[in-house]
1. Using a Gaussian network model of the chain whose springs link C-alpha atoms within less than 10 Å, name the residue from Tyr151, Tyr305, Tyr228 with the highest mean-square fluctuation.
2. Just check the chain against the gyration tensor rule for me: Cα atoms, a ≥ b ≥ c as the square roots of the eigenvalues, rounded for a/c under 1.5, and otherwise prolate or oblate depending on whether a/b exceeds b/c.
3. Quick one: ranking Ile251, Ile290 by accessible area, 1.4 Å probe, largest first, what do you get?
4. Which sequence of Tyr214, Tyr352 reflects their accessible areas, 1.4 Å probe, from the largest down?
5. So between Leu88 and Ser349, what do we pick up on full extension, going 0.36 nm a residue minus the alpha carbon distance?
6. Could you rank Arg313, Arg323 by how accessible they are, 1.4 Å probe, largest area first?
7. Given +1 on the Cβ of Lys and Arg, -1 on the Cβ of Asp and Glu, and no further charges, what dipole in debye does the chain carry about its Cα centre, rounded to the nearest 20?
8. For the chain, with the dipole built from +1 on Lys and Arg beta-carbon atoms and -1 on Asp and Glu ones, taken about the Cα centre, which of Thr28, Gly266, Gly105 lies farthest toward the positive end?
Amino acid sequence: MRNKGLYAVCALLMVILGTSDALRGIFTPLFTSVYGFSMSQVGVIVSASYLGNLICLLFGGMLLDRIGRKRAMAMFIIALALSEVLLLFGSRYAMLVLGFFLSLGISTLLNTTINLISDSFSATKSLMLLNALFFLQGIGTSGSQLILSRYASSVPVWNGVLIGMAVLLVPLAIAVMRMKDTESGGAAEEASAAGSDRPESGMIALIAFTLGLYLIAEHGITNYIIMYGTEHLGISAASAGFALSLYSAGIMIGRLVLGQAVDRIGAERMLFVSLVVATVVSVLSFASAILPLLFIVGLAVSIVYPTTVSLVRKHAPHALGARATTIAVSAASILDVVFNAVFGKAIDSVGYGRAMPVLCVALGVSAVLMVFIIPRGRRPR
């Protein structure tokens, strides 16, 4: 393993990112019961965070290519620390919206930056190490939800968490700046050799579309499974919530376990197998109304997001790798946002029973598209 110091910084950073991403959901009671904001205003915060993702990715990608990944990453970490400070003034609604716009957007940008530099961690196990980092992000998210949810209306805890994260982020930025350039040496040469001389626009668009379909399925299950269980299946909220927790646990465990096989089997082939298994099991889960099967779905799709994002730089020159990756992730996110805006109306029109299987279709189509992303000669026959 190379660049152990950088990997350690990324590991701690991913835990912080997981915690930061969870704050919006954890402290909603604080925003409504203490600060006095309505749920409509909370909805605006959610929309602002999605918009922050898109804008930060688009501008951040250009910055990564222009000033270098080490300097850009340090700058993004400092920007995240400042966004946490802005949230300290969250009793003012405009500051809360701006703070989440920046914190969620920069968090997604840092996720993508870590994905881009993952080649520097190892010549043969970069995807395994990358998926392990996303596992740590899941630890940050679930751990903060478990610990902080009991203080969801506490102003002192809210302020303490924000100050704690901001203080931790500053030395991480300094550590990144003091490390040798992540693009120097063999890693850059290998990445350059693996990439194309020109951006393969068609292939990048195909990867982005495949990623967008996957996000539709992942977020659809996360956002609607409890309502599907209670409204359509007639089970208790506790039972539906248990199924959702199994799904999330499957994603966390899979990133740690299945991530070890990605480099050996090959990213594209592993993604194809994962998406096929997820499609079949999700169909069985919805058809049989056995929601705990979603654990297997989560296990299967666990490696899909970080590994699919990593494919983009294989089809772009090294000098444009960051921009191509951030544009692809932005395009996938736009597809996800547009779908969710329509999906809610579809549920109202045709009901959960007919709408939810669309998520299985999204997984199935993404599996089919992955066949065309697998390099020729390795495609399943």
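The values are calculated or read from the model by the stated rules, or taken from the named source; none is laboratory data. Just so we're clear, the structure is a prediction, and the values are computed from it rather than from any experiment. Positions of Cβ are backbone-derived with ideal geometry, glycine not excepted, and every protein chain shown enters the neighbour counts. These accessible areas exclude ligands, DNA and RNA; they are computed on the full protein's heavy atoms, side chains included. Shrake-Rupley method; radii C 1.70, N 1.55, O 1.52, S 1.80 Å.
1. Residue with maximal mean-square fluctuation among Tyr151, Tyr305, Tyr228: Tyr151.
2. Values: a/c = 1.69, a/b = 1.07, b/c = 1.59.
Judged from the Cα gyration tensor, the chain comes out oblate (a/c at least 1.5, b/c at or above a/b).
3. Working: Ile251 25, Ile290 85 Å².
Order by accessible area, largest first: Ile290, Ile251.
4. On the way: Tyr214 5, Tyr352 40 Å².
Greatest to least solvent exposure: Tyr352, Tyr214.
5. Working: separation 261, 0.36 × 261 = 93.96 nm, distance 4.11 nm.
Extending this stretch completely gives an extra 89.9 nm.
6. Details: Arg313 30, Arg323 75 Å².
Of Arg313, Arg323, the descending order of accessible area is Arg323, Arg313.
7. Details: 25 positive and 16 negative charges, 114 e Å.
Roughly 540 debye, rounded to the nearest 20.
8. Result: Gly266.
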